[in-house]
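Novice: Handing you this structure, nothing more for now.
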Amino acid sequence: MRFLTIIFLFSISIVGFSQEVHTSGALKNAMKKGDLSAHLSLDSLKTKKNLYALGPLEGLKGEIIILNSEPLIGFEKDQKPVVESSFNHKASMLVWAQVEEWKEIKIPASVRSKKELENFIQKTVQENGISSSTAFPFLVEGEFSSVDWHVVNWDKNDTEHSHHKHKTSGPHGTKTDLNGIILGFYSDHHKGVFTHHTTNIHMHITDNSHSFAAHADDVTPSDVVLKIPSYGD
């Protein structure tokens, strides 16, 4: 029983239709307990096909985004954001799923912010017969007028955590006219696990050349499409 309890605490599987969203670790552990330790080795996932994942590195020393089983690790080097493609890293929190097929929906030009994007995603999945209480991954691909981003690089000696300090601990800023891909995860009941308390989505972004990988704090879409998991409809 004790073994089962430990597994439950550190790895939650959320079932939605034929899809499973998995989490290891939780954002609230860092915010409330200062727990920045590794909760999952990315190497344990490297044989999985159609893998999509995101989260912060162990120690809050960078950002993880995995697109179709390709890892992109964004971190700071010489005060600049750099990217490494390797599973040889550990995550302090990771949310992941395997998606073989996606359904594409055009995002209207009226969607101009992260909050408007979140509302559009919720409306779209409901229209496609998916309960908004289901946790699921999504992609947003195309041209973005602007993206507010950061790559966390936490000072291990700092024990006072806040969202603002996380955002400004490493490279951060705004990119304009970016062609790229956002990977996000949606849930309205996992606040403190893989979403923060003010939002139902957690998003990371990379450019089309995969030379940039970061957490997306806000976005202004220009010409983009939304992709949600296809459940055989």
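Novice: Out of the residues in region 211-233 that are farther than 15 Å from Lys114 by Cα, out of contact with any Asp or Glu (no Cβ under 8 Å at 6 or more places or on another chain) and surrounded by 14 or more Cβ atoms within 10 Å (Cβ to Cβ), state the one that is modelled with the lowest pLDDT.
Specialist: Tyr231
Novice: Any chance you could count how many residues in region 116-157 are among the charged types (D, E, K, R) and touching a Ser or Thr at 6+ places or on another chain (Cβ under 8 Å)?
Specialist: Within region 116-157, residues that are among the charged types (D, E, K, R) and touching a Ser or Thr at 6+ places or on another chain (Cβ under 8 Å) number 5.
Novice: Among residues belonging to region 60-83 that are touching a helix residue (DSSP H, G or I) at 6+ places or on another chain (Cβ under 9 Å) and not in a loop (DSSP other than H, G, I, E, B), point out the one that is surrounded by the most Cβ atoms within 10 Å (Cβ to Cβ).
Specialist: Taking the candidates together, the pick is Ile64.
Novice: From Gly170, Gly129, which residue is assigned to a loop (DSSP other than H, G, I, E, B), in contact with a His (Cβ under 9 Å, 6 or more places away or on another chain) and either of a type in the set (Gly, Ala, Ser) or closer than 30 Å to Gln79 by Cα (or both)?
Specialist: Gly170
Novice: Which one is nearest to the chain's Cα centre (by Cα), of the residues in region 78-133 that are among the polar types (S, T, N, Q) and under 16 Å from Lys227 (Cβ atoms)?
Specialist: Of everything passing the filter in region 78-133, Gln98 is nearest to the chain's Cα centre (by Cα).
Novice: So in region 117-144, with the set limited to residues that are surrounded by fewer than 14 Cβ atoms within 10 Å (Cβ to Cβ) and of a type in the set (S, T, N, Q), which one is modelled with the highest pLDDT?
Specialist: This residue is Asn119.
Novice: Of the numbered conditions (1) surrounded by fewer than 18 Cβ atoms within 10 Å (Cβ to Cβ); (2) closer than 23 Å to Gly62 by Cβ, Pro171 satisfies every one except a single condition; which is it?
Specialist: Unmet for Pro171, out of (1) surrounded by fewer than 18 Cβ atoms within 10 Å (Cβ to Cβ); (2) closer than 23 Å to Gly62 by Cβ: (1).
Novice: Could I ask something else about it? State yes or no: is Ala38 modelled with pLDDT of 95 or more, surrounded by 13 or more Cβ atoms within 10 Å (Cβ to Cβ) and outside the structural domain of His150 (by TED's automatic domain parsing)? Don't jump to the end; show me each part of the working.
Specialist: Working: modelled with pLDDT of 95 or more: no; surrounded by 13 or more Cβ atoms within 10 Å (Cβ to Cβ): yes; outside the structural domain of His150 (by TED's automatic domain parsing): yes.
No: the conditions fail for Ala38.
Novice: Separate question: Right, His150: farther than 18 Å from Ile66 by Cβ and free of Cβ contacts under 8 Å to residues at least 12 places away in the same chain or not?
Specialist: The answer is no for His150.
Novice: Same structure again: May I ask you to list the residues in region 134-153 that are closer than 19 Å to Lys103 by Cβ and either more than 18 Å from the chain's Cα centre (by Cα) or of a type in the set (Val, Ile, Thr) (or both)?
Specialist: Listed by number, the residues that qualify are Thr134, Val140.
Novice: Might you check whether a residue that is at positive phi and touching a strand residue (DSSP E or B) at 6+ places or on another chain (Cβ under 7 Å) occurs anywhere in region 150-165?
Specialist: Scanning region 150-165, I find no residue that is at positive phi and touching a strand residue (DSSP E or B) at 6+ places or on another chain (Cβ under 7 Å), so the answer is no.
Novice: Give me the pairs, please: first residue somewhere in region 199-225 and within 19 Å of Glu84 (Cα to Cα) and not assigned by TED's automatic domain parsing to the domain that holds Tyr52, second residue anywhere and in a strand (DSSP E or B) and acidic (Asp, Glu), beta-carbon distance under 7 Å, and either six or more positions apart or on two chains.
Specialist: Cβ pairs passing all conditions: His204/Glu63; Ala213/Glu63; Ala214/Glu63; His215/Glu63.
Novice: Restricting to region 16-59, give me the number of residues that are closer than 19 Å to Thr195 by Cβ and assigned to a strand (DSSP E or B). Spell out the reasoning first.
Specialist: Step one: filter region 16-59 for residues closer than 19 Å to Thr195 by Cβ, giving 16, 19-33, 35-36, 39-40, 52-57.
Then drop every residue that is not assigned to a strand (DSSP E or B), which leaves 16, 19-24, 40, 52-57.
So the count comes out to 14.
Novice: Name the one entry in His202, His189 that is part of a strand (DSSP E or B) and at pLDDT below 95.
Specialist: His202
Novice: Quick one: count up the residues across region 84-126 that are in a loop (DSSP other than H, G, I, E, B) and of a type in the set (Val, Ile, Thr).
Specialist: 3
The values are calculated or read from the model by the stated rules, or taken from the named source; none is laboratory data. Quick caveat, the model's predicted, so the values are computed rather than measured. All Cβ positions, even for glycine, are placed from backbone atoms using ideal geometry, and neighbour counts span all protein chains on display.
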